[in-house]
Amino acid sequence: MCASANKKFSPPTNRQRAKALGDTNQLNDDIRRAVTVGIHKCFLRFPEPKEGDWVTINEEQGQTVQEFEQTERTVVHSTHKIIYLQPIGSFDHSRTPSLDIICEFYRPFFPGCELEILPQIDFIDFSKHAQAEKRINRYTQQPQYLTSFIINHRKKMRRQRQNNNNQELFCIGVTMADIYPEHNWNFVYGEASIDDGIGIYSFARLDPSFPNTATAGPCTDDERILILKRAVGVFVHEVIHLFNIEHCIYYLCLMNGSETEEEMDGHPLYLCPVCLRKMYSALGKETKHFNTIQMYTAILDLCKIFHFKEESSWYEHRLSLLNAEEDKKL
Ligand SMILES: [Zn+2]
Ligand SMILES: [Zn+2]
C-alpha cells in the first residue's frame with residue numbers, strides 16, 4: 001500500500017505469547033477454556049514473514065491483553081450498543097458482496113451489539129467540495145476518494161443525529177469505491193478514527209477482477225465465496241480495531257495486518273486466544289453477553305451456509321474440543 005523501508009521483525013517466543021495472554025485464573029469458565037484448552041492443536045504461531053508481508057513494511061510491536069486493558073477504550077457500558085453501517089455509493093453491481101450477509105456474520109463476533117444499516121448515501125451528496133478530494137489512480141485509472149474527507153463528513157452527520165440517539169458506539173462507512181489516505185499513498189483498504197469511533201472501508205480491491213470490475217462478467221461460485229470471505233474478514237477486523245485492539249503478532253489470527261489480498265487470504269476468520277480475550281474484555285465482562293461456545297456455533301452455521309469450507313472445519317474442531325472440556329466438568 002505504501003512503500004517504506006523494511007523493518008526487522010521476529011515472531012514472538014512462547015514466553016512472549018504467554019505474557020501477551022496474561023494470567024487466566026480469574027476468568028470465567030467459558031472464556032478461560034476458550035483461551036487455554038487445545039491451543040497448540042487449533043492455533044498456529046505467527047510465521048516467519050516473507051518479503052513484502054505487512055510486518056516487514058509496518059512496525060508492529062504487538063499489544064498484550066494488559067496493555068489493551070490499560071488503554072482508554074471507546075466501550076459504552078450500556079446494554080444497548082448500536083453500530084451503524086453506512087453504505088456509501090452504489091452496491092448494485094452483481095459482483096458486490098451482500099451487506100445483509102456481511103451483517104449476519106458480524107453479529108456473533110460482537111455479542112451484545114446491534115447493527116443497523118443506514119440509508120445509502122452517495123459521494124456526490126457529501127458536499128460541493130467532494131470533487132476536490134477525488135482523484136484518478138495512476139496505476140488503475142479508477143476514481144479514488146480521500147478517507148479523511150469521508151470521516152469528517154461522517155462526524156458532521158453524527159452531530160446532526162446526536163440528539164436523537166445517544167447509544168451509538170461506532171459508525172462504519174463501507175463503499176465499493178477505491179479509497180486513499182494521503183496523496184503519496186497508492187490506496188488503502190480502510191481507515192479508522194478510533195477516538196471518534198468512525199471508520200471507512202472499501203471492498204473495491206477484494207474482487208479479483210479489480211480494477212476491471214465494471215466490465216467483468218458475473219462471479220463464478222469460487223469468486224463469490226472468495227469475495228464474501230474477504231469482505232467479512234475485512235469488516236470484522238476493522239470493527240475490532242475500533243475497540244482499540246491493535247494488529248496481532250502472536251498467532252495466525254483475524255487481527256493480523258495484511259499488505260495484499262493474497263496475504264489477507266492466508267489469515268483465518270477467527271481470533272487467536274490473545275485477541276479473543278481482548279474482545280471479551282471489551283464486551284463481555286459487564287454485560288455477560290459473551291459466550292464463546294454460542295459465538296462459535298453461530299459462526300460455524302454461517303460458514304456452512306456460505307460454503308466457507310476451511311473455516312467450517314476449524315470451528316467444528318474447536319467446538320468439539322471445547323465441548324469435550326465442558327463435558328468433563330459436568
Ligand atoms: Zn488492520
Ligand atoms: Zn490475535
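The values are calculated or read from the model by the stated rules, or taken from the named source; none is laboratory data. Just so we're clear, the structure is a prediction, and the values are computed from it rather than from any experiment. Every residue, glycine among them, receives a Cβ derived from its backbone with ideal geometry; neighbour counts consider all protein chains shown.
Quick notes on this one:
- Taken as a whole, the structure leaves Ser98 outside the set of residues that are at pLDDT below 90 and surrounded by fewer than 17 Cβ atoms within 10 Å (Cβ to Cβ).
- The set of residues from segment 1-46 being charged (D, E, K, R), in a loop (DSSP other than H, G, I, E, B) and either in contact with a Lys or Arg (Cβ under 6 Å, 6 or more places away or on another chain) or modelled with pLDDT under 95 (or both) comprises Lys7, Lys8.
- Qualifying residue in segment 270-284 (condition: surrounded by fewer than 20 Cβ atoms within 10 Å (Cβ to Cβ), without any contact (Cβ under 8 Å) to a residue 40 or more places away in the chain and either of a type outside the set (Val, Ile, Thr) or more than 15 Å from ligand 1 (Cβ to nearest atom) (or both)): no
- Boolean, His307 is within 16 Å of ligand 2 (Cβ to nearest atom) and more than 25 Å from Gln70 (Cβ to Cβ): no
- Segment 299-318, residues that are closer than 21 Å to Pro273 by Cβ and surrounded by fewer than 18 Cβ atoms within 10 Å (Cβ to Cβ): Glu310, Ser313, Glu316, His317
- If you go through segment 253-277 and keep only what is more than 8 Å from ligand 2 (Cβ to nearest atom) and touching a Leu at 6+ places or on another chain (Cβ under 9 Å), you end up with Glu261, Met264, Asp265, Gly266, His267, Pro268, Leu269, Tyr270, Arg277.
- Per-region count, segment 227-267, residues away from ligand 1 (no atom under 11 Å from the Cβ) and either surrounded by fewer than 18 Cβ atoms within 10 Å (Cβ to Cβ) or farther than 21 Å from Ser312 by Cβ (or both): 11
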